1. I want the local charge near B:TYR215. Using Cβ-Cβ distances under 15 Å, sum +1 for each Lys or Arg and -1 for each Asp or Glu among the other residues.
2. Sort the protein assembly as shown into rounded, prolate or oblate with this rule: let a ≥ b ≥ c be the square roots of the eigenvalues of the Cα gyration tensor; rounded if a/c is under 1.5, and if a/c is not under 1.5, prolate when a/b is larger than b/c, oblate otherwise.
3. Using helices alone, I'd like the mean residue ellipticity at 222 nm for chain B: each DSSP H run of four-plus residues gives -39500 (n - 2.57), total over residue count, nearest 500.
4. Tell me, what is the percent relative contact order of chain C, built from C-alpha pairs under 8 Å that lie six or more residues apart?
5. Please average, across the residues of B:344-357, the number of beta carbons from any other chain that are within 10 Å of each residue's own beta carbon, and give a whole number.
6. In whole angstrom, how far apart do the alpha carbon centroids of region C:48-122 and region C:179-243 sit?
7. Classify region B:9-82: rounded, prolate or oblate, from the alpha-carbon gyration tensor (a ≥ b ≥ c, eigenvalue square roots; a/c under 1.5 rounded; otherwise prolate if a/b is larger than b/c)?
8. Please identify the trypsin sites (Lys or Arg not before Pro) of region B:196-233 that satisfy two criteria: DSSP loop assignment and at most 13 other Cβ atoms within 10 Å. Which are they?
Amino acid sequence: MTEYNFAYLDEQTKRMIRRAILKGLTIPGYQVPFASREMPMPYGWGTGGVQVSAAVLTPKDTFKVIDQGADDTTNAVSIRTFFQRTAGVATTTATSDATVIQTRHRIPEEPLHEGQILVYQVPIPEPLRFLEPRESETRKMHSLEEYGLMHVKLYEDISRHGHIATSYAYPVKVEGRYVMDPSPIPKFDNPKLGDMAAIQLFGAGREQRIYALPPYTQVVSLDFEDHPFEASKADHPCGMCGATDSYLDELIIDDLGGRMFVCSDTDYCEARQAAGHKGKDAA
Amino acid sequence: MYVAVKGGERAIENAHAWLAEERRGNTDIAELSIAQIREQLSLAVNRVMAEGSLYDPDLAALAIKQARGDLIEAIFLMRAYRTTLPRFGASEPVDTGIMACDRRISATFKDLPGGQVLGPTFDYTHRLLDFKLAADGEVPKAPSRDAETGNVPHVTEFLNREGLIEEAPHDDTPPPDLTREPLEMPSPRALRLQALTRADEGFTLGLAYSTQRGYGRNHAFVGELRIGSVPVEMDIPELGFAVEIGEVILTECETVNQFTGSKTEPPQFTRGYGLVFGQTERKAISMALVDRALRWEELGEDNVGAPAQDAEFVLYHADNIQATGFLEHIKLPHYVDFQSELELVRKLRREAGAQQVQEAAE
Amino acid sequence: MTPLLSVQGITKRYGAHIGCADVSFDLYPGEVMGIVGESGSGKSTLLNCMAGHLTPDAGQVVFDTRTDGRRDTITMSEPERRMLGRTDWAFVHQHARDGLRMGVSAGGNVGERLMAVGERHYGDIRDKATDWLGRVEIDASRVDDRPTTFSGGMQQRLQIARNLVTGPRLVFMDEPTGGLDVSVQARLLDLLRGLVRDLGLSAIIVTHDLAVVRLLADRLMVMKSGRVVEAGLTDQVLDDPQHAYSQLLVSSVLQV
Ligand SMILES: Nc1ncnc2c1ncn2[C@@H]1O[C@H](COP(=O)(O)OP(=O)(O)O)[C@@H](O)[C@H]1O
Ligand SMILES: [Mg+2]
Ligand SMILES: [Zn+2]
């Protein structure tokens with residue numbers, strides 16, 4: 001694909017995206033409108049993340065892509081291949097070796113370190129969207145910090161179900177100012193958002209928004225004092241590596257309803273197995 | 001013992017190979033050429049150029065071939081190609097008043113200078129399957145005459161001369177470009193028109209139809225519909241004047257709509273406008289109706305809550321590439337979010353179950 | 001004493017048409033002002049200008065704020081005005097639907113203002129909501145029901161609870177009893193009178209129903225064609241109207 005520029009996008013477009021990223025970093029949690037380009041993959045399949053990655057990648061970077069925590073899911077493979085071809089960057093599946101990690105729906109289990117960039121693919125960047133469909137109105141609510149409605153939703157959850165019934169894309173407040181959608185990560189991952197050493201960038205292509213969390217930003221999951229936020233996961237150890245602290249996928253293994261649980265973060269699980277950890281379902 | 005599924009990469013390659021084979025179909029049947037698609041499926045080519053926002057019949061035909069006839073997929077290919085093209089500049093506004101018309105009709109005046117020209121239209125064909133076409137599609141030559149030359153005045157100009165229709169004042173502000181700037185509300189009319197000319201034909205048709213059925217009715221007459229080619233000129237700074245760089249075929253629809261007026265302002269008809277690449281008249285008429293419905297505010301009309309009056313609703317949902325991408329993305333794995341929902345529902349059910357047991361015991 | 005609200009020369013036109021013109025008055029803390037007049041006389045226009053829902057073409061609406069003293073609310077920034085709207089001010093709409101979230105439970109409706117000003121204890125919010133439902137005579141067992149399942153009178157009482165829960169210093173009401181059956185109106189009026197007295201509310205009540213102001217208002221303004229034609233103590237105006245239009249208004253009521 002030599003006829004395309006490094007990392008596909010032309011330099012002009014990358015500069016425009018970088019400006020949006022910088023603005024996002026200076027106003028953590030604020031959704032910056034940007035002129036999202038049409039990409040050779042469908043909207044909703046990571047075009048926002050791909051554009052952000054394209055704007056931050058340099059030839060020296062090592063790139064990792066995960067979808068649902070795994071490096072080998074089809075869309076992760078497809079995006080990784082895209083950048084191998086258009087940017088020729090080195091790729092890896094090892095979280096600690098990567099300098100740029102593009103993700104859909106997960107934060108790696110292994111803590112990220114300074115110098116790394118985590119790029120999230122975001123379908124709907126607006127945390128208030130399902131309470132208020134109008135963009136013109138939600139932008140006003142953010143600018144005036146009118147977030148009462150967000151808590152009304154949590155209140156309604158508790159009054160109906162006894163719990164806050166949001167299990168992913170759980171809204172957070174950034175540095176006491178903007179309410180932000182962390183993308184559809186499970187709420188298990190929410191505590192990792194705050195105080196992270198790496199830069200976190202969020203790209204929503206179809207909705208034309210970029211937002212960001214600089215390193216060590218305060219991020220608080222919304223809750224009530226008497227119904228505090230709880231990061232939950234399936235109450236099992238990983239069947240392959242025995243980990244008890246990782247987020248798990250549930251697999252159906254036979255038609256009798258047999259199930260097993262394994263780490264959704266494939267790199268984490270494999271590294272543990274390589275180090276000799278063994279779960280009850282491992283060979 | 002469980003072995004994790006691997007080999008996403010191989011699966012993708014194999015899928016692509018199979019797709020290519022399916023696209024080709026039975027190899028005993030001759031392959032379609034780009035020229036055949038361009039010449040014989042020209043209305044599909046036109047739609048792909050219009051919604052792909054790129055005027056190039058050969059590329060559109062290629063996209064249709066590659067997309068196995070899925071026009072939205074073909075539009076997507078055009079759009080993705082288009083974004084990689086360098087931008088040399090913008091043309092001068094085209095002048096549809098000098099269009100070499102293949103078709104020109106008015107529903108408001110029986111006759112008018114320049115005359116009505118039916119042109120190559122399905123309008124008065126009887127929709128009977130023509131089995132002769134199945135065997136032999138060759139046709140005798142249609143009668144012809146010399147094209148009219150010179151200006152073809154717009155019907156709305158005649159109305160304008162009497163002050164019967166709202167002025168469309170000349171405006172030299174460069175129009176905004178939603179392929180370069182994020183769409184933000186409220187949007188000026190020029191931006192709305194750009195969004196509509198790229199909009200999905202089916203969506204635009206449905207909205208336009210809804211205005212006719214009373215959801216934001218605006219009493220539209222097709223003042224004029226014209227299809228033909230216009231020269232495209234570009235200002236060349238080195239030369240200091242504009243030169244013709246080519247021709248495009250356009251469909252233009254101007255509707256004459258319900259009048260406004262008050263005690264101080266005498267009643268006047270209002271306008272809706274549609275302009276689309278290629279011979280695409282269903283789209284152009286739909287566009288004009290939706291454009292007119294979106295203008296309720298500037299014309300001081302009531303917002304009756306009709307979908308076609310709601311610019312935010314219309315513009316955010318009219319683009320079929322955005323829509324189909326997001327719609328189809330729900331095919332992608334959502335194990336992680338689904339797992340978290342699963343855990344939550346199990347927990348709530350456990351608690352509800354425990355509560356019932358307790359109530360039964362009490 | 002400093003007036004809580006000073007209205008100066010409020011004028012609002014709709015094109016060439018006058019909504020209300022050159023209205024001025026002061027409202028003192030604890031006072032209830034009634035605004036009466038036939039339909040179309042400009043009452044709602046005036047009220048919406050005062051409450052910040054409409055921008056008047058001329059005039060001032062000076063409010064004695066808690067933190068910065070007297071401020072013209074027309075020229076203050078939108079965030080400040082919206083903040084007033086969810087703290088010190090309350091607005092009761094004629095149609096409860098306009099003032100309630102119909103898809104949210106009664107408890108959530110009452111709790112919203114508490115959450116908007118930062119309350120974050122679910123149990124406390126719910127207790128306060130339940131308490132307020134009691135005060136407006138809605139059974140506590142209905143706290144999780146949506147207003148769509150309530151009668152018109154209950155919806156209106158719920159709207160009032162939702163507005164008063166944060167202890168606003170000024171309440172705007174637009175025809176709070178309009179659109180309700182006569183018997184339901186009487187009960188609501190009774191309730192409102194109790195609340196006004198117990199809480200020492202300052203309020204501006206717009207109505208075309210003189211019975212409402214007779215019961216609730218200390219003072220009265222009579223509007224006609226967008227202008228105030230007479231103002232005074234409620235009893236004075238109702239028992240001895242001076243302006244011909246007020247006389248007509250009062251007599252037409254007496255005939256009913
Ligand atoms: N949005 C509007 N546009 C134009 N005229 C209006 C509008 N709202 C009210 N009016 C006019 O302003 C006058 C005052 O209306 P309003 O304040 O609603 O009166 P009231 O509340 O006393 O019935 C009426 O003549 C009414 O027709
Ligand atoms: Mg009124
Ligand atoms: Zn594991």
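1. Working: positive: B:ARG213, B:ARG217, B:ARG292; negative: B:GLU301, B:ASP302, B:ASP310.
Residues close to B:TYR215 contribute a combined charge of 0.
2. On the way: a/c = 2.21, a/b = 1.18, b/c = 1.88.
Verdict is oblate for the protein assembly as shown.
3. Working: 13 runs with 148 residues, N = 362.
Estimated from H runs of four or more residues: -12500 deg cm²/dmol.
4. Details: 471 pairs, mean separation 64.7, N = 256.
RCO, chain C: 25 percent.
5. On the way: counts 9, 3, 2, 7, 5, 0, 0, 3, 2, 0, 0, 1, 0, 0.
Per-residue shielding by partner chains comes out at 2.
6. Result: 22 Å between the Cα centres.
7. On the way: a/c = 2.94, a/b = 1.34, b/c = 2.19.
Oblate shape, in that a/c is at least 1.5 and b/c is the bigger or equal ratio.
8. Values: sites: B:ARG198, B:ARG213, B:ARG217, B:ARG226; in loops: B:ARG213, B:ARG217.
Taking region B:196-233 and a limit of 13 other Cβ atoms within 10 Å, the loop trypsin sites (Lys or Arg not before Pro) found are B:ARG213.
The values are calculated or read from the model by the stated rules, or taken from the named source; none is laboratory data. Being a predicted model, the structure only gives us computed values, none of them experimental. Positions of Cβ are backbone-derived with ideal geometry, glycine not excepted, and every protein chain shown enters the neighbour counts. Just the protein is used for accessible areas: all its heavy atoms, side chains included, with ligands, DNA and RNA removed. Shrake-Rupley method; radii C 1.70, N 1.55, O 1.52, S 1.80 Å.
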